[in-house]
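The structure appears below as structure tokens.
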Amino acid sequence: MLEVDNLKVHYGEAEALAGVSFHIMPGEIVSIVGANGAGKTTLIRAIAGMLPAKTGSIRFKGKDLKGLDSAAVCELGIAQVPEGRQIFPSLSVEENLRLGATLRRSRADRTRNMDRVYATFSRLAERRSQRAGTLSGGEQQMLAIGRAIMANPLLVMFDEPSLGLSPALTDEMFAVISALHGSGLSVVLVEQNVVESLAMCQRAYVLENGAIALEGTGKELLDDDRVRQAYLGL
Ligand code: ATP
């Protein structure tokens with residue numbers, strides 16, 4: 001479904017991704033783990049059309065994403081739940097959700113997807129007219145996920161969705177990601193909760209200094225001594 005081949009991304013002279021290759025098959029949850037600064041956010045932003053590749057290719061359902069901007073990538077069916085949520089605090093919950101469905105691919109299904117978001121997140125339904133900035137952190141994270149659902153995606157990329165959430169809300173958020181996956185979505189999951197993210201994915205990659213250092217099934221990486229030492233403190 002998604003094939004990334006030898007992707008290099010620079011910030012000026014600094015190389016953030018040094019030739020990353022990985023893939024996602026339809027219906028998979030793929031986790032990407034790695035230390036701070038390893039390049040996880042850069043990888044997500046490059047796939048989403050927000051950062052240009054220096055070399056390498058990104059293909060989605062056989063189509064080369066080279067030169068496409070973020071709207072064009074979203075139009076093909078790739079949505080993201082960005083780090084830090086990036087909702088519009090002065091707009092209402094419902095206005096934020098509507099902004100997730102402005103493209104051709106999502107406009108026709110706006111009402112159906114809005115119903116789906118409100119069925120998944122009853123607290124958003126209760127607060128649909130409330131300004132998004134007045135929501136709790138957990139509710140804002142649910143709103144960011146809801147906005148991605150509104151885009152009618154085939155693949156959703158989550159960047160640190162549990163950041164700042166309580167353990168209970170983190171569990172709830174993982175359950176929501178599982179349910180979305182169960183409804184047929186493919187998922188890329190970047191998460192600081194390495195144990196949970198490896199336990200729920202089919203396959204995973206470890207990113208180190210802008211390159212893939214390890215790959216395997218979630219279980220293989222959970223059992224890997226290097227992963228256990230570096231990321232699980234065991
Ligand atoms: P974190 O978990 O801290 O978000 P990450 O794995 O997502 O880390 P990135 O944010 O992708 O890592 O950063 C990869 C590298 O690129 C780091 O060395 C970082 O300092 C650098 N970097 C990130 N954003 C920029 C930027 N806008 N300008 C210059 N360098 C950047």
Open item on the list: When you scan the range 66-82, do you find a residue that is in contact with a Pro (Cβ under 8 Å, 6 or more places away or on another chain) and not assigned by TED's automatic domain parsing to the domain that holds Ala144, even just one?
Closed with: no
Open item on the list: Take the conditions surrounded by 15 or more Cβ atoms within 10 Å (Cβ to Cβ), acidic (Asp, Glu) and more than 16 Å from the ligand (Cβ to nearest atom) and apply them to Glu126. Does it pass?
Closed with: no
Task: Only listed residue being under 25 Å from Val227 (Cβ atoms) and either modelled with pLDDT under 95 or outside the structural domain of Leu180 (by TED's automatic domain parsing) (or both), chosen from Ala35, Ala108 - done: Ala35
Open item on the list: Residue under question is Ala48, and the condition is that it be in contact with a His (Cβ under 9 Å, 6 or more places away or on another chain), within 13 Å of the ligand (Cβ to nearest atom) and either modelled with pLDDT of 95 or more or basic (Lys, Arg) (or both); does it hold?
Closed with: no
Open item on the list: Given the condition more than 16 Å from the ligand (Cβ to nearest atom) and more than 20 Å from Leu214 (Cβ to Cβ), answer yes or no: does some residue in the range 1-17 qualify?
Closed with: yes
Task: Pair list, Cβ < 7 Å and 6+ apart or interchain, from the range 142-163 residues that are modelled with pLDDT of 95 or more to residues that are of a type in the set (Ser, Thr, Tyr) and in a strand (DSSP E or B) - done: Leu154/Ser186; Leu155/Ser186
- [ ] Give me a count of the residues in the range 11-34 that are surrounded by 21 or more Cβ atoms within 10 Å (Cβ to Cβ) and polar (S, T, N, Q).
- [x] 1
Open item on the list: Need the failing condition index for Val81 against (1) within 16 Å of the ligand (Cβ to nearest atom); (2) in contact (Cβ under 8 Å) with a residue 24 or more places away in the chain; (3) in contact with a Ser or Thr (Cβ under 6 Å, 6 or more places away or on another chain), just the number.
Closed with: (3)
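The values are calculated or read from the model by the stated rules, or taken from the named source; none is laboratory data. Because the structure is a prediction, the values reported are computed rather than measured. With ideal geometry, Cβ positions are generated from the backbone for all residues, glycine too; neighbour counts draw on all protein chains shown.
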